[in-house]
1. Those residues that are touching a Cys at 6+ places or on another chain (Cβ under 9 Å) and closer than 26 Å to Glu39 by Cα, I need them from region 83-137; list them, please.
2. Can we say Thr339 is surrounded by 14 or more Cβ atoms within 10 Å (Cβ to Cβ) and in contact with a helix residue (DSSP H, G or I) (Cβ under 6 Å, 6 or more places away or on another chain)?
3. Residue under question is Glu312, and the condition is that it be among the acidic types (Asp, Glu), more than 14 Å from ligand 2 (Cβ to nearest atom) and in contact with a Lys or Arg (Cβ under 8 Å, 6 or more places away or on another chain); does it hold?
4. Would you check which residues across region 339-395 are in contact (Cβ under 8 Å) with a residue 60 or more places away in the chain, more than 12 Å from Glu188 (Cβ to Cβ), within 15 Å of ligand 2 (Cβ to nearest atom) and part of a helix (DSSP H, G or I) and list them?
5. If we keep just the residues of region 61-84 that are among the polar types (S, T, N, Q) and closer than 14 Å to Ser47 by Cα, which is nearest to ligand 1 (Cβ to nearest atom)?
6. In this structure, does Gly72 turn out to be within 28 Å of the chain's Cα centre (by Cα) and on the phi > 0 side of the Ramachandran plot?
7. Among the listed residues Lys87, Lys97, Lys91, identify the single one that is without any contact (Cβ under 8 Å) to a residue 60 or more places away in the chain, loosely packed, with under 15 Cβ neighbours inside 10 Å, within 13 Å of ligand 1 (Cβ to nearest atom) and not polar (S, T, N, Q).
8. Suppose we filter Arg178, Arg200 for residues that are within 30 Å of Glu370 (Cβ to Cβ), modelled with pLDDT under 95 and away from ligand 1 (no atom under 16 Å from the Cβ); which single one remains?
Amino acid sequence: MTPPNLTSAPVGESTERPPDPTPKTKWPRYVEAVIGYSEHWYPAAFSDELEEGGVVAVTLLGKNILLTRTDGQARAISDRCAHRGVKFSAKPLCLKKDTVTCWYHGWTYDLEDGQLIDILTSPGSSTIGQVTIPVYATEEAKGIIFVFVGEAEPHPLRADVPPGFLDPDTYVRGIRRRVQSNWRLGAENGIDNTHAFIHRDSPLIPGNNLALPLGLVASAGHDHRASTTVVNNKDEWPKGVIDHFGDGAYLPVFDAKIKGETVLSYLPQPGAKRVVNTLSLWLPCAIKVDPWPDPALISYEFYVPVNKSEHEYFQLIQSKVSSESDIENFCREFEDRWTDLALHGFNDDDVFAREATEEFYADGNGWRDEHLFGPDHSIVRWRQLCSKHGREIAR
Ligand code: FES
Ligand code: FE2
(Lines give C-alpha, C1' and ligand atoms only; values in the text may rest on other atoms or scores of the structure.)
(Ligands and ions follow the chains in the order given, each with its own letter.)
Protein backbone atom coordinates (compact mmCIF):
# COMPACT_ATOMS: atom_id res chain seq x y z
CA MET A 1 0.00 0.00 0.00
CA THR A 2 1.37 3.36 -0.94
CA PRO A 3 1.22 5.95 1.81
CA PRO A 4 -1.21 8.50 0.54
CA ASN A 5 -0.22 11.96 -0.45
CA LEU A 6 -3.37 13.75 0.51
CA THR A 7 -2.69 17.02 -1.17
CA SER A 8 -1.39 18.31 -4.43
CA ALA A 9 -0.73 21.71 -2.93
CA PRO A 10 2.67 22.39 -1.41
CA VAL A 11 2.80 22.99 2.28
CA GLY A 12 2.43 26.73 2.60
CA GLU A 13 4.35 29.12 4.77
CA SER A 14 1.33 30.73 6.30
CA THR A 15 -0.29 29.06 9.26
CA GLU A 16 -3.41 31.18 8.86
CA ARG A 17 -5.70 28.71 7.18
CA PRO A 18 -9.42 28.45 7.67
CA PRO A 19 -10.05 25.68 10.19
CA ASP A 20 -11.11 22.36 8.74
CA PRO A 21 -12.02 20.18 11.70
CA THR A 22 -12.94 17.19 9.56
CA PRO A 23 -10.68 17.11 6.49
CA LYS A 24 -11.18 14.12 4.19
CA THR A 25 -8.59 11.50 5.06
CA LYS A 26 -8.29 7.73 5.04
CA TRP A 27 -8.44 7.70 8.84
CA PRO A 28 -11.51 9.78 9.70
CA ARG A 29 -11.99 8.38 13.22
CA TYR A 30 -8.39 9.25 13.97
CA VAL A 31 -8.73 12.85 12.87
CA GLU A 32 -11.88 13.06 14.95
CA ALA A 33 -10.19 11.63 18.05
CA VAL A 34 -8.82 15.01 19.07
CA ILE A 35 -8.86 14.09 22.76
CA GLY A 36 -8.38 10.37 22.25
CA TYR A 37 -10.54 7.28 22.56
CA SER A 38 -12.68 6.54 25.58
CA GLU A 39 -13.55 3.05 26.89
CA HIS A 40 -9.85 2.43 27.44
CA TRP A 41 -7.46 2.32 30.39
CA TYR A 42 -4.99 5.21 30.77
CA PRO A 43 -2.12 5.80 33.21
CA ALA A 44 -3.07 8.69 35.49
CA ALA A 45 -0.26 9.00 38.05
CA PHE A 46 2.45 7.04 39.79
CA SER A 47 1.33 5.02 42.81
CA ASP A 48 3.84 6.75 45.08
CA GLU A 49 2.35 10.17 44.29
CA LEU A 50 -0.86 9.20 46.08
CA GLU A 51 -0.45 8.57 49.78
CA GLU A 52 -3.15 7.27 52.11
CA GLY A 53 -5.75 10.02 52.57
CA GLY A 54 -4.06 12.16 49.91
CA VAL A 55 -5.40 13.50 46.64
CA VAL A 56 -3.94 14.01 43.18
CA ALA A 57 -5.76 15.96 40.46
CA VAL A 58 -5.34 14.74 36.89
CA THR A 59 -6.92 15.43 33.52
CA LEU A 60 -7.62 12.53 31.18
CA LEU A 61 -9.33 12.99 27.80
CA GLY A 62 -10.59 16.40 28.84
CA LYS A 63 -12.07 15.11 32.10
CA ASN A 64 -10.88 16.52 35.41
CA ILE A 65 -10.49 13.61 37.81
CA LEU A 66 -9.60 13.50 41.49
CA LEU A 67 -7.57 10.53 42.68
CA THR A 68 -7.77 9.60 46.34
CA ARG A 69 -6.59 6.68 48.44
CA THR A 70 -8.41 5.03 51.33
CA ASP A 71 -7.36 1.76 52.97
CA GLY A 72 -4.70 1.52 50.32
CA GLN A 73 -7.21 1.53 47.49
CA ALA A 74 -6.89 4.20 44.79
CA ARG A 75 -10.19 5.75 43.73
CA ALA A 76 -11.12 8.16 40.97
CA ILE A 77 -14.04 10.56 40.99
CA SER A 78 -14.94 13.53 38.83
CA ASP A 79 -13.13 16.61 40.11
CA ARG A 80 -16.14 18.85 39.66
CA CYS A 81 -18.84 19.58 42.20
CA ALA A 82 -22.33 19.25 40.74
CA HIS A 83 -23.57 22.31 42.67
CA ARG A 84 -21.60 25.24 41.24
CA GLY A 85 -18.93 23.41 39.33
CA VAL A 86 -15.82 24.14 41.40
CA LYS A 87 -13.01 21.62 41.56
CA PHE A 88 -12.67 19.66 44.79
CA SER A 89 -8.93 19.73 44.24
CA ALA A 90 -8.88 23.53 44.66
CA LYS A 91 -9.14 22.86 48.44
CA PRO A 92 -9.32 19.12 49.02
CA LEU A 93 -11.57 18.08 51.90
CA CYS A 94 -12.06 14.44 52.85
CA LEU A 95 -13.72 14.48 56.28
CA LYS A 96 -14.76 10.86 56.40
CA LYS A 97 -13.34 7.78 54.77
CA ASP A 98 -14.71 7.05 51.30
CA THR A 99 -16.17 10.53 50.84
CA VAL A 100 -15.16 13.82 49.31
CA THR A 101 -16.69 17.07 50.55
CA CYS A 102 -16.80 20.19 48.45
CA TRP A 103 -14.98 23.04 50.20
CA TYR A 104 -17.53 25.62 49.01
CA HIS A 105 -20.95 24.64 50.43
CA GLY A 106 -20.26 21.20 51.83
CA TRP A 107 -21.86 18.91 49.29
CA THR A 108 -20.49 15.48 50.12
CA TYR A 109 -20.17 12.57 47.71
CA ASP A 110 -19.58 8.84 48.11
CA LEU A 111 -16.32 7.88 46.38
CA GLU A 112 -17.71 4.46 45.55
CA ASP A 113 -20.63 5.49 43.37
CA GLY A 114 -20.44 9.32 43.17
CA GLN A 115 -23.76 9.83 44.91
CA LEU A 116 -24.47 13.00 46.87
CA ILE A 117 -24.92 11.56 50.36
CA ASP A 118 -25.03 14.70 52.50
CA ILE A 119 -24.87 18.47 52.41
CA LEU A 120 -23.07 19.78 55.46
CA THR A 121 -24.63 23.21 55.22
CA SER A 122 -28.20 21.93 54.64
CA PRO A 123 -28.80 18.71 56.54
CA GLY A 124 -31.91 16.88 55.38
CA SER A 125 -32.01 18.71 52.02
CA SER A 126 -34.26 17.00 49.48
CA THR A 127 -31.40 17.25 46.98
CA ILE A 128 -29.47 14.62 48.92
CA GLY A 129 -29.60 11.32 47.03
CA GLN A 130 -30.77 13.05 43.84
CA VAL A 131 -27.40 13.88 42.33
CA THR A 132 -24.45 11.75 41.24
CA ILE A 133 -21.14 12.61 39.65
CA PRO A 134 -18.99 10.21 37.59
CA VAL A 135 -16.63 7.74 39.26
CA TYR A 136 -14.02 5.74 37.39
CA ALA A 137 -12.54 2.27 37.82
CA THR A 138 -8.88 2.17 38.87
CA GLU A 139 -6.21 -0.47 38.83
CA GLU A 140 -2.61 -0.27 40.01
CA ALA A 141 0.14 -2.13 38.21
CA LYS A 142 3.89 -1.64 37.91
CA GLY A 143 3.75 1.35 40.25
CA ILE A 144 1.20 3.19 38.13
CA ILE A 145 -2.43 4.08 38.82
CA PHE A 146 -4.50 3.34 35.72
CA VAL A 147 -7.98 4.81 35.28
CA PHE A 148 -10.64 3.39 32.99
CA VAL A 149 -12.08 6.36 31.11
CA GLY A 150 -15.44 5.17 29.89
CA GLU A 151 -18.90 4.09 30.78
CA ALA A 152 -18.86 0.43 29.81
CA GLU A 153 -17.77 -2.38 32.12
CA PRO A 154 -13.96 -2.18 32.13
CA HIS A 155 -12.12 -4.86 30.22
CA PRO A 156 -8.84 -6.26 31.61
CA LEU A 157 -6.00 -3.74 31.83
CA ARG A 158 -3.72 -6.00 29.79
CA ALA A 159 -5.82 -5.18 26.69
CA ASP A 160 -4.64 -1.56 26.77
CA VAL A 161 -0.92 -1.84 27.56
CA PRO A 162 1.88 -3.12 25.31
CA PRO A 163 2.63 -6.84 25.49
CA GLY A 164 5.17 -7.60 28.21
CA PHE A 165 4.46 -4.48 30.24
CA LEU A 166 2.76 -6.42 33.02
CA ASP A 167 5.24 -9.31 33.07
CA PRO A 168 5.64 -10.40 36.69
CA ASP A 169 9.43 -10.72 36.71
CA THR A 170 9.93 -7.07 35.82
CA TYR A 171 10.15 -3.72 37.58
CA VAL A 172 9.19 -0.36 36.12
CA ARG A 173 10.40 3.14 36.98
CA GLY A 174 9.52 6.36 35.25
CA ILE A 175 8.65 10.02 35.19
CA ARG A 176 5.75 11.97 33.76
CA ARG A 177 5.46 15.50 32.43
CA ARG A 178 3.07 17.70 30.48
CA VAL A 179 3.84 18.28 26.80
CA GLN A 180 2.27 21.09 24.79
CA SER A 181 1.10 19.05 21.84
CA ASN A 182 -1.84 16.91 20.88
CA TRP A 183 -1.49 13.26 21.96
CA ARG A 184 -1.41 12.04 18.34
CA LEU A 185 1.74 14.02 17.62
CA GLY A 186 3.35 12.29 20.61
CA ALA A 187 2.37 8.84 19.39
CA GLU A 188 3.44 9.53 15.82
CA ASN A 189 6.78 10.98 16.88
CA GLY A 190 7.36 7.72 18.76
CA ILE A 191 6.92 5.47 15.72
CA ASP A 192 8.35 7.88 13.15
CA ASN A 193 11.03 5.91 11.26
CA THR A 194 13.19 8.85 10.24
CA HIS A 195 13.00 11.00 13.33
CA ALA A 196 16.20 9.60 14.86
CA PHE A 197 17.79 12.54 13.03
CA ILE A 198 16.72 14.86 15.87
CA HIS A 199 18.64 12.77 18.39
CA ARG A 200 22.01 12.89 16.64
CA ASP A 201 23.64 15.08 19.29
CA SER A 202 21.99 13.41 22.26
CA PRO A 203 24.36 12.82 25.18
CA LEU A 204 22.89 9.34 25.49
CA ILE A 205 24.63 8.16 22.30
CA PRO A 206 28.22 8.62 23.53
CA GLY A 207 27.10 8.28 27.16
CA ASN A 208 25.99 4.67 26.65
CA ASN A 209 27.95 4.05 23.44
CA LEU A 210 24.92 3.35 21.28
CA ALA A 211 24.82 2.86 17.53
CA LEU A 212 21.98 5.15 16.51
CA PRO A 213 21.72 6.01 12.81
CA LEU A 214 20.58 9.32 11.41
CA GLY A 215 17.97 7.47 9.37
CA LEU A 216 17.08 4.23 7.62
CA VAL A 217 16.70 3.09 4.04
CA ALA A 218 15.24 -0.18 2.79
CA SER A 219 18.01 -2.67 2.01
CA ALA A 220 18.28 -4.12 -1.51
CA GLY A 221 15.52 -6.56 -2.33
CA HIS A 222 13.49 -5.55 0.69
CA ASP A 223 10.34 -3.56 0.81
CA HIS A 224 10.62 -1.88 4.18
CA ARG A 225 6.85 -1.94 4.54
CA ALA A 226 7.13 -5.71 4.89
CA SER A 227 8.98 -5.14 8.15
CA THR A 228 5.92 -3.59 9.71
CA THR A 229 3.25 -5.88 11.11
CA VAL A 230 -0.15 -4.93 12.40
CA VAL A 231 -1.76 -6.80 15.28
CA ASN A 232 -5.44 -6.24 14.74
CA ASN A 233 -7.12 -9.64 14.86
CA LYS A 234 -10.73 -9.40 15.82
CA ASP A 235 -10.60 -10.46 19.45
CA GLU A 236 -6.93 -9.87 20.07
CA TRP A 237 -5.98 -7.00 22.37
CA PRO A 238 -3.87 -5.01 22.63
CA LYS A 239 -3.90 -3.96 18.99
CA GLY A 240 -0.78 -2.33 17.60
CA VAL A 241 1.74 -1.66 14.84
CA ILE A 242 5.17 -3.27 15.10
CA ASP A 243 8.31 -2.22 13.22
CA HIS A 244 11.04 -4.86 13.07
CA PHE A 245 14.49 -3.34 12.68
CA GLY A 246 16.58 -6.39 13.43
CA ASP A 247 15.65 -8.44 10.36
CA GLY A 248 17.97 -6.88 7.77
CA ALA A 249 15.25 -5.00 5.94
CA TYR A 250 16.77 -1.64 6.80
CA LEU A 251 20.19 -0.17 6.24
CA PRO A 252 21.25 2.50 8.71
CA VAL A 253 22.31 5.94 7.49
CA PHE A 254 25.28 7.23 9.48
CA ASP A 255 26.65 9.52 6.81
CA ALA A 256 24.33 12.24 5.54
CA LYS A 257 24.96 13.80 2.15
CA ILE A 258 23.69 16.73 0.14
CA LYS A 259 24.27 16.22 -3.60
CA GLY A 260 26.78 13.50 -2.83
CA GLU A 261 28.82 15.55 -0.42
CA THR A 262 28.95 14.42 3.18
CA VAL A 263 27.54 17.08 5.46
CA LEU A 264 27.03 15.10 8.64
CA SER A 265 28.86 12.04 9.81
CA TYR A 266 27.90 10.14 12.94
CA LEU A 267 29.67 6.82 12.59
CA PRO A 268 29.26 4.61 15.62
CA GLN A 269 32.21 4.16 17.95
CA PRO A 270 33.97 0.78 18.19
CA GLY A 271 31.87 -1.66 20.21
CA ALA A 272 28.76 0.52 19.98
CA LYS A 273 25.68 -1.29 21.29
CA ARG A 274 22.76 -2.09 19.03
CA VAL A 275 19.36 -1.20 20.37
CA VAL A 276 15.75 -1.01 19.12
CA ASN A 277 15.13 -4.39 17.54
CA THR A 278 11.44 -3.59 17.54
CA LEU A 279 9.43 -0.43 17.94
CA SER A 280 5.71 -0.82 18.43
CA LEU A 281 2.74 1.42 19.10
CA TRP A 282 -0.37 0.13 20.84
CA LEU A 283 -3.89 1.33 21.37
CA PRO A 284 -4.90 3.49 23.01
CA CYS A 285 -1.59 5.43 23.23
CA ALA A 286 1.56 3.52 24.23
CA ILE A 287 4.86 2.78 22.55
CA LYS A 288 7.28 -0.03 23.37
CA VAL A 289 10.96 0.26 22.44
CA ASP A 290 12.76 -3.06 22.76
CA PRO A 291 15.51 -2.81 23.85
CA TRP A 292 16.11 0.76 24.99
CA PRO A 293 18.07 2.71 26.32
CA ASP A 294 20.40 -0.22 26.83
CA PRO A 295 20.36 -3.77 25.45
CA ALA A 296 19.27 -4.98 28.93
CA LEU A 297 16.26 -2.66 29.23
CA ILE A 298 12.91 -2.01 27.57
CA SER A 299 11.20 1.38 27.42
CA TYR A 300 7.51 2.27 27.27
CA GLU A 301 5.91 5.64 26.72
CA PHE A 302 2.28 6.65 27.09
CA TYR A 303 0.96 9.77 25.37
CA VAL A 304 -2.15 10.37 27.43
CA PRO A 305 -4.61 12.88 25.95
CA VAL A 306 -5.19 15.79 28.35
CA ASN A 307 -6.95 18.26 26.07
CA LYS A 308 -6.72 19.13 22.42
CA SER A 309 -3.30 20.72 22.69
CA GLU A 310 -1.62 18.85 25.57
CA HIS A 311 -0.70 15.32 26.52
CA GLU A 312 0.76 13.78 29.64
CA TYR A 313 3.98 12.06 28.73
CA PHE A 314 4.73 8.94 30.78
CA GLN A 315 8.32 7.78 30.24
CA LEU A 316 8.95 4.34 31.69
CA ILE A 317 11.89 1.99 31.78
CA GLN A 318 11.46 -1.70 32.57
CA SER A 319 14.09 -4.07 33.87
CA LYS A 320 13.98 -7.80 34.41
CA VAL A 321 14.44 -8.53 38.11
CA SER A 322 14.59 -11.65 40.20
CA SER A 323 15.44 -10.32 43.68
CA GLU A 324 15.14 -7.32 45.96
CA SER A 325 18.74 -6.41 45.25
CA ASP A 326 18.01 -6.42 41.51
CA ILE A 327 15.25 -3.90 42.18
CA GLU A 328 17.53 -1.74 44.33
CA ASN A 329 20.26 -1.78 41.71
CA PHE A 330 17.85 -0.90 38.94
CA CYS A 331 16.32 1.94 40.97
CA ARG A 332 19.78 3.37 41.67
CA GLU A 333 20.71 3.13 38.00
CA PHE A 334 17.39 4.73 37.04
CA GLU A 335 18.01 7.70 39.29
CA ASP A 336 21.75 8.11 38.76
CA ARG A 337 21.91 7.42 35.07
CA TRP A 338 18.75 7.00 33.03
CA THR A 339 16.67 9.93 34.22
CA ASP A 340 19.19 12.52 33.06
CA LEU A 341 20.79 10.67 30.19
CA ALA A 342 17.77 9.01 28.57
CA LEU A 343 14.48 10.47 29.82
CA HIS A 344 15.76 14.04 29.54
CA GLY A 345 19.06 13.89 27.63
CA PHE A 346 17.43 11.96 24.82
CA ASN A 347 13.66 12.46 25.05
CA ASP A 348 13.82 16.24 25.44
CA ASP A 349 14.50 16.18 21.69
CA ASP A 350 11.16 14.38 21.18
CA VAL A 351 9.30 16.88 23.34
CA PHE A 352 10.81 19.73 21.33
CA ALA A 353 9.74 18.09 18.05
CA ARG A 354 6.16 17.41 19.17
CA GLU A 355 5.68 20.93 20.46
CA ALA A 356 7.15 22.31 17.24
CA THR A 357 4.69 20.18 15.21
CA GLU A 358 1.62 21.28 17.16
CA GLU A 359 1.09 24.57 15.37
CA PHE A 360 0.70 22.92 11.96
CA TYR A 361 -1.94 20.41 13.15
CA ALA A 362 -3.75 22.51 15.74
CA ASP A 363 -6.49 23.80 13.43
CA GLY A 364 -7.12 20.38 11.88
CA ASN A 365 -5.68 21.28 8.48
CA GLY A 366 -2.36 19.57 9.04
CA TRP A 367 -3.95 16.15 8.46
CA ARG A 368 -4.84 17.37 4.97
CA ASP A 369 -1.86 19.57 4.15
CA GLU A 370 0.99 17.32 5.33
CA HIS A 371 3.08 15.51 2.71
CA LEU A 372 3.92 12.05 3.99
CA PHE A 373 6.55 9.90 2.25
CA GLY A 374 7.51 6.21 2.13
CA PRO A 375 9.16 5.81 5.54
CA ASP A 376 6.04 7.29 7.17
CA HIS A 377 4.21 4.05 6.40
CA SER A 378 4.22 3.06 10.09
CA ILE A 379 2.44 6.28 10.95
CA VAL A 380 -0.11 5.56 8.22
CA ARG A 381 -0.76 2.08 9.59
CA TRP A 382 -1.12 3.44 13.09
CA ARG A 383 -3.72 5.94 11.94
CA GLN A 384 -5.63 3.27 10.10
CA LEU A 385 -5.53 0.99 13.12
CA CYS A 386 -6.81 3.72 15.42
CA SER A 387 -9.48 4.78 12.98
CA LYS A 388 -10.78 1.25 12.81
CA HIS A 389 -10.30 -0.02 16.34
CA GLY A 390 -10.15 2.91 18.78
CA ARG A 391 -13.15 2.09 20.95
CA GLU A 392 -15.11 5.36 21.25
CA ILE A 393 -14.14 8.86 20.18
CA ALA A 394 -13.85 10.90 23.36
CA ARG A 395 -16.13 13.94 23.54
FE1 FES B 1 -19.62 22.59 45.65
FE2 FES B 1 -21.38 24.44 46.26
S3 FES B 1 -19.96 24.42 44.64
S4 FES B 1 -20.91 22.65 47.32
FE1 FE2 C 1 12.63 9.96 19.59
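The values are calculated or read from the model by the stated rules, or taken from the named source; none is laboratory data. Just so it is clear, the structure is predicted and the values come from calculations on it, not from any experiment. Cβ atoms come from the backbone with ideal geometry, glycine included; neighbour counts cover every protein chain shown.
1. Correct list: Val86, Lys87, Phe88, Val100, Tyr109, Leu111, Ile133.
2. Considered against the rule, which asks whether it is surrounded by 14 or more Cβ atoms within 10 Å (Cβ to Cβ) and in contact with a helix residue (DSSP H, G or I) (Cβ under 6 Å, 6 or more places away or on another chain), Thr339 comes out as no.
3. Spelling it out, Glu312 is indeed among the acidic types (Asp, Glu), more than 14 Å from ligand 2 (Cβ to nearest atom) and in contact with a Lys or Arg (Cβ under 8 Å, 6 or more places away or on another chain).
4. Leu341, Ala342, Leu343, Asp349, Val351, Phe352, Glu355, Pro375
5. Thr68
6. For Gly72, the condition - within 28 Å of the chain's Cα centre (by Cα) and on the phi > 0 side of the Ramachandran plot - is met.
7. Lys91
8. Arg200
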